[in-house]
Amino acid sequence: MAELVYHDNRLLFTEEMRQEYTILVPQMAPYHFTYFVDAFTSEGYKAELLTTDDYELIHEGMKYSHNDICVPAMLVIGQFIDAIKKQGLNAKKVALVITQTGGGCRASNYIALLRKALEKAGYSEVPVISLNAGGLEKNPGFRVTPRVLHKLHDAMLFGDLIMTLVNQTRPYEVNLGETNAVKADIDKALQGYFKHRRLFSWKRHKKMSQKIIERFSEISVDRSTPKPKVGIVGEIYVKYSPLGNNHLETTLEKEGCEVITPPLYDFFIYSFDSRAYDIKMYGGSKKEWLVLKLAIWYIEVRRQKLRKMLEKAHYAPGISYKKIRSLVDGIIDVGTHIGEGWLLTAEMIDLIHHGAPNIVCTQPFGCLPNHIAGKGMFKKLKKHYPESNIVAIDYDTSASKINQLNRINLMVSNAFRQLEEKNHERKV
C-alpha cells in the first residue's frame, strides 16, 4: 500500500499512488471529458469518469459544505462522495482531480472545499489533485507533460467539433437515434486515437477530424422545416453539465429547438488572454505574456483548419476568438474577466448575429460574475438587439425545476412566435 506523504498539510499524490490508485474525474462537459480521460489513460494513469447525473447528488454535497457555496461546488463534491460511498470504490485506492483556475471566482476555492468535505465525510486519506495551468499545488505522481498537454489540446478540439456536429444534426435527423449511434462509434474510435507516443499529431488529428465530419455528413437529415435556434450560455459548469443544468440541451431539443452551445475552447483561450491582458496593464513577466500569446496563436491556427473543414461540409463553423473579442467593443470592457466576464456577453452577441436571438443564460444563484456580465447586460443587449429573447435561469439548491421549465417554455414559445413571424414576412 502506498505511503501517505504530506506537504504543507496537504496529502500528495505520489508516484507510487500513480501505479495503484484510480483517479476519479467529475463530469462537466460530456462532449469533452470522455476524451480527456482517454488522453490521461493513454499516458498510464488509471482514470475513471463519473457519469452519475441525478440532481439529488446536490443533497450529498450539502451535507459536507456550507449551503451558501454555489451549486457547481456542491454537485462536484456530491458526485465525488457519492461515488466513494455507493459505487464500491476503496477510499484507500482512489484520488480525485479537479480543475483550479486561480482566479477571483469562487471556483478557485473548490479544491479547499472538497478537501474539507472529504475530511467531514471520513475520507481524509483521499488525495485531491489540482489540474491547472499556473503551476499550483504540484504532485510528484501527476505531471502534465508536453505530450499530455497536446493530447488534452486534441481532446478539446474533438469535443468542440463533435458538439457542433451533434447540435446541428440531431434535431433534423430522419432516423431517430442515428446521430447518437454515430457519436458512440466515434467515441470508441477516439479511445484508440490517443494511444500514441508522438509529441505532435497534426496530420493524425486532421485525418481523424475529416473522418468525423464525413460520418456526420452521411446521416440522413430533413431541414425543410426550420427550427428556432436556442443558445446556451452562462457559468461554465451549469452551461455544459447536464447534471448542473437539469439536462437543458435534451429539454430544448424535445421542445423542437436546435441548440447552440459555444465552444469550450473559447473559455480557455479567454483565460489565457485575460492573464496576458493583466500582465500588459499591471506588469508581470514578459516571457509569460509571450508564451500566452503564442499559445493563443497556435490554438487558433488549429481551430481555423477545423472551421474551414466544417464550412466546406456545409456546417456553421463558428468564428475566431479575435472576432468574438471584437463583438463587445462599446458594450463591455475586456478588462471584465472575473469568472466568464466579457466572454459571456460576447457569446450572447455572437448568437444573435448568427440567427439565435433565443438564449438561456444559466447561472448558479449568487454567482456575481454571471449576474454582472450575463443578467446585468440584458437591458443593454435588448437596446442594441431588439429581437433578443433572453431568459436567465438560476440553478440553486432551493430552485424549483417546475419554475425553471416554465421560464424556459415561455422563452421557447416566444422563439416559435418570432420564427413564424419571420416566415410570414418572407412569404409576403
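None of the figures in this text is laboratory data; all of them are computed from the coordinates on show. Worth saying up front: this structure is predicted, and the values here are computed from it rather than measured. Note: ideal-geometry Cβ built from the backbone for every residue, glycine included; neighbour counts use all protein chains shown.
Note down the Stokes-Einstein diffusion coefficient of the stretch 6-143 in µm²/s, whole number, using a Kirkwood radius over alpha carbon pairs, 4 °C, and 1.567 mPa s.
On the way: Rh = 15.2 Å.
Roughly 85 µm²/s, to the nearest whole number.
Count the DSSP beta bridges whose two residues both fall in the chain, then state the antiparallel fraction as a percent rounded to the nearest 5.
Details: 4 of 29 bridges.
Roughly 15 percent of the beta bridges in the chain run antiparallel, per DSSP.
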- Each label point is 7 Å from the Cα along the Cα-to-Cβ direction; what then is the distance between the points at E387 and H196, in nm? 4.3 nm
- Note on the structure: Kirkwood radius from Cα pairs of the stretch 115-240 plugged into Stokes-Einstein at 4 °C, 1.567 mPa s, gives D in µm²/s equal to 72 µm²/s
- Message: Taking 0.36 nm per residue of sequence separation and subtracting the Cα-Cα distance, how much length would be gained by fully extending the chain between D8 and K203, in nm to one decimal?
- Response: 65.8 nm
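Any chance you could list the semi-axes, whole Å, largest first, of the equivalent ellipsoid that the Cα gyration tensor gives for the stretch 18-83, using √(5λ)?
On the way: eigenvalues 124, 34, 16 Å².
Ellipsoid semi-axes (Å, largest first): 25, 13, 9.
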- Tell me which residues come under 5 Å, amide H to amide H, from G234 once H is placed; ignore anything under 5 positions away on its chain. T362
- R143 label point, 7 Å along Cα→Cβ, cut-off 14 Å on backbone N: hits in the stretch 2-26? 14-16, 18
- Message: How tilted is helix 202-217 with respect to the longest principal axis of the chain? Cα atoms for both, answer in degrees (0 to 90, nearest 10).
- Response: 50 degrees
- Can you pull the one-decimal nm distance between simple spin-label points at M62 and E16, each 7 Å off the Cα toward Cβ? 4.1 nm
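When the expected Rg is taken as 2.2 N^0.38 Å, what fraction or multiple of it is the alpha-carbon Rg of the stretch 259-318?
Values: Rg = 14.5 Å, N = 60, 2.2 N^0.38 = 10.4 Å.
Normalised Cα radius of gyration, the stretch 259-318: 1.39.
Determine the sum of side-chain charges near W289: Lys and Arg each +1, Asp and Glu each -1, restricted to other residues whose C-beta is under 10 angstrom from that of W289. Write out the running numbers ahead of the final one.
Values: positive: R275, K280, K286, K287, K293; negative: D278, E288.
Net local charge, W289 excluded: +3.
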- Query: Where does helix 178-193 land angle-wise versus the long Cα axis of the chain, in degrees 0 to 90, nearest 10?
  - Reply: 40 degrees
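Any idea what % of Cα-Cα pairs in the stretch 302-358 are farther than 18 Å? Kindly include the intermediate steps, with their values, before the conclusion.
Details: 669 of 1596 pairs.
Percent of Cα pairs beyond 18 Å in the stretch 302-358: 42.
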- For the pair E214 and A189, how long in nm is the line joining their label points, each one 7 Å along Cα→Cβ? 0.8 nm
- Query: Mean residue ellipticity at 222 nm from the helices of the chain, using -39,500 (n - 2.57) per DSSP H segment of n ≥ 4 over the full residue count, to the nearest 500 deg cm²/dmol?
  - Reply: -17000 deg cm²/dmol
- Normalise the Debye intensity by I(0) for the chain, one equal point scatterer per Cα, no solvent, then take log10 at q = 0.06, 0.08, 0.14 Å⁻¹ and round to two decimals. -0.25, -0.45, -1.49
- May I ask for the angle, rounded to the nearest 10°, between helix 401-427 and the longest principal axis of the chain, with both axes built from Cα atoms and the value confined to 0 to 90°? 40 degrees
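What FRET efficiency, computed as 1/(1 + (r/R0)^6) with R0 = 45 Å and r the Cβ-Cβ distance, is obtained for L136 and V174, rounded to the nearest 0.05? Please list the in-between numbers first.
Numbers: r = 49 Å, r/R0 = 1.09.
Taking R0 as 45 Å, the efficiency between L136 and V174 is 0.35.
Past the 20 Å Cα-Cα mark, which pairs from K86/K120; K211/K293; K85/K120; K227/K380; K239/K305; K120/K239? Can you show the working numbers first?
Details: K86/K120 17 Å; K211/K293 31 Å; K85/K120 13 Å; K227/K380 27 Å; K239/K305 26 Å; K120/K239 29 Å.
Among K86/K120; K211/K293; K85/K120; K227/K380; K239/K305; K120/K239, the Cα-Cα distance tops 20 Å for K211/K293; K227/K380; K239/K305; K120/K239.
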- Under 5 Å from the placed amide H of V97, counting only residues 5+ away or on other chains, we find L24, I129
- Sorted from fewest to most neighbouring beta carbons within 10 Å, what does the list V221, V76 look like? V221, V76
